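Each remark here refers to the structure printed beneath this line.
What follows is calculated from the coordinates using simple rules that are stated; it is not laboratory data. Owing to the predicted nature of the structure, the values given are computational and were not obtained by experimental measurement. Heads up, the Cβs are rebuilt from the backbone with ideal geometry, glycines too, and the neighbour counts pull from every protein chain shown.
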């Protein structure tokens, strides 16, 4: 399963740790002084696909096509897009489609508290 939502809307950028090695959960540090680990194993930051700080569709699609998507096989992946550049919904969908081709069991859209299923290998979701 991978969730399609901008997780850092809830936490400052420096609160999200990164996995040190494959299979290590991400650590979340809150401003309230407590931390927790997620079962998310990898992350994709759409900000990494910008061209000179702007999301240009042609360059974005080219970078997406050249990306090594196999590195996310059998992993739970979060798609992040926080930053100063607004990210259109279609960009998240393109990334989700690429991930689905590698290993999609479930795709969710929205915030953690109200995520909507878009796809499931069990046939649940948008009809």
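Could you list 43, 66, 57 so that the one with the fewest beta carbons within 10 Å of its beta carbon is first and the one with the most is last?
Details: 43 21, 66 7, 57 12.
Result, fewest neighbours first: 66, 57, 43.
Assuming 0.36 nm per residue, please report the length gained on full extension of the stretch residue 58 to residue 89 beyond their Cα-Cα distance.
On the way: separation 31, 0.36 × 31 = 11.16 nm, distance 1.57 nm.
Working it through step by step, the gained length comes to 9.6 nm.
Fewest to most neighbouring Cβ within 10 Å: what's the order for 65, 121?
Working: 65 10, 121 13.
Starting with the residue having the fewest Cβ neighbours, the order is 65, 121.
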Item checked: 15 Å cut-off, amide nitrogen to a point 7 angstrom out along residue 71 Cα→Cβ, residues in region 87-117 -> 99
Next item on the list: For region 49-112, compute Rh as the Kirkwood radius over C-alpha pairs and then the Stokes-Einstein diffusion coefficient at 4 °C and 1.567 mPa s; write the answer in µm²/s, rounded to an integer.
Entry: 102
